[in-house]
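The values are calculated or read from the model by the stated rules, or taken from the named source; none is laboratory data. The shown structure was predicted, so the numbers you read here are calculated from the model rather than taken from an experiment. Cβ sites come from the backbone with ideal geometry, for glycine too, and all protein chains shown count toward neighbours. For the accessible areas, the whole protein counts, side chains as well, though only heavy atoms, and no ligand, DNA or RNA atoms are used. Shrake-Rupley method; radii C 1.70, N 1.55, O 1.52, S 1.80 Å.
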Amino acid sequence: MQKLVVLISGTGSNLRALLEASEDAEFPARVVAIGADREADGLLLGEEFGIPTFTVPFTAYPDRDAWGAALIEQVRQWEPDLVILSGLMRLVPPAVVDAFSPHLINTHPAYLPEFPGAHGVRDALAAGVEQTGASLIVVDNSVDGGPIIAQERVPVLPDDTESTLHDRIKPVERRLLIQAVLDIANSHLDLKELSRS
Ligand code: GRF
């Protein structure tokens, strides 16, 4: 059974999908802890699903490196096989990448390398593209530039707002994430190998 630690900043709707998938006894992974960098709504899912939560508030530390060190300490306690950034709206410092990569993955609401960064959906809309997408990547020290695990196109519709487009992208992110967790747990996907190539 693969142990997952999931880090969030927001509502955790992608996390919810993962928690629901892992309720199936056949699913080969379990979320062992949920962490956040702030008082995120998604932490309530911990109560709902009986999963421990922790918060490492970004603003409580003098700088990103100090926050990262505290985050590493919290995450390590759970001895995760895989750490998932599922809407963690912070760049993690290099020490976090060193501690967990390549078993540190991130979902992103755009078809990378298009529209990296915190506003992937907004930037795609502003660029007037006809399609954007969802991506799942291995986290490295770049901004959303790590090896791509999986990605899929999502059309941009004429009346889309940032919120309607994001709502159409998220189910794709969830599907990619759940499939990748399955593939990793079943040894059909080797993140070390992917990161080497
Ligand atoms: C997702 O689109 C994720 O890729 C982005 O933030 C969103 C998180 O949504 N970085 P939620 O908290 O899972 O609802």
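Quick check: anything in region 95-114 assigned to a loop (DSSP other than H, G, I, E, B), closer than 18 Å to residue 176 by Cβ and either of a type in the set (Phe, Trp, Tyr) or in contact with a Phe, Trp or Tyr (Cβ under 9 Å, 6 or more places away or on another chain) (or both)? Yes; the residues of region 95-114 include at least one that is assigned to a loop (DSSP other than H, G, I, E, B), closer than 18 Å to residue 176 by Cβ and either of a type in the set (Phe, Trp, Tyr) or in contact with a Phe, Trp or Tyr (Cβ under 9 Å, 6 or more places away or on another chain) (or both).
So is residue 134 within 11 Å of the ligand (Cβ to nearest atom) and open to solvent by less than 40 Å² (accessible area, probe 1.4 Å) or not?
On the way: within 11 Å of the ligand (Cβ to nearest atom): yes; open to solvent by less than 40 Å² (accessible area, probe 1.4 Å): yes.
Against the criterion (within 11 Å of the ligand (Cβ to nearest atom) and open to solvent by less than 40 Å² (accessible area, probe 1.4 Å)), residue 134 qualifies.
Restricting to region 124-141, give me the number of residues that are free of Cβ contacts under 8 Å to residues at least 24 places away in the same chain and within 19 Å of the chain's Cα centre (by Cα). The total comes to 0.
Just to be sure before I move on: is residue 118 free of Cβ contacts under 8 Å to residues at least 40 places away in the same chain, under 24 Å from residue 11 (Cα atoms), open to solvent by 30 Å² or more (accessible area, probe 1.4 Å) and outside the structural domain of residue 32 (by TED's automatic domain parsing) in the structure I sent?
yes
If I filter region 94-102 for residues that are modelled with pLDDT of 95 or more and within 14 Å of the ligand (Cβ to nearest atom), do I get at least one hit? Break it down stepwise before answering.
We begin by selecting, within region 94-102, every residue modelled with pLDDT of 95 or more; these are 94-100, 102.
Those left that are additionally within 14 Å of the ligand (Cβ to nearest atom): none.
There is no residue in region 94-102 that is modelled with pLDDT of 95 or more and within 14 Å of the ligand (Cβ to nearest atom).
Residues that are open to solvent by 50 Å² or more (accessible area, probe 1.4 Å), over 24 Å from residue 31 (Cβ atoms) and not β-branched (Val, Ile, Thr): does region 167-183 have at least one? Yes, some residue in region 167-183 is open to solvent by 50 Å² or more (accessible area, probe 1.4 Å), over 24 Å from residue 31 (Cβ atoms) and not β-branched (Val, Ile, Thr).
Answer yes or no as to whether residue 157 is modelled with pLDDT of 95 or more and open to solvent by less than 60 Å² (accessible area, probe 1.4 Å). Explain how you work it out, then say what you get.
On the way: modelled with pLDDT of 95 or more: yes; open to solvent by less than 60 Å² (accessible area, probe 1.4 Å): no.
For residue 157, the condition - modelled with pLDDT of 95 or more and open to solvent by less than 60 Å² (accessible area, probe 1.4 Å) - is not met.
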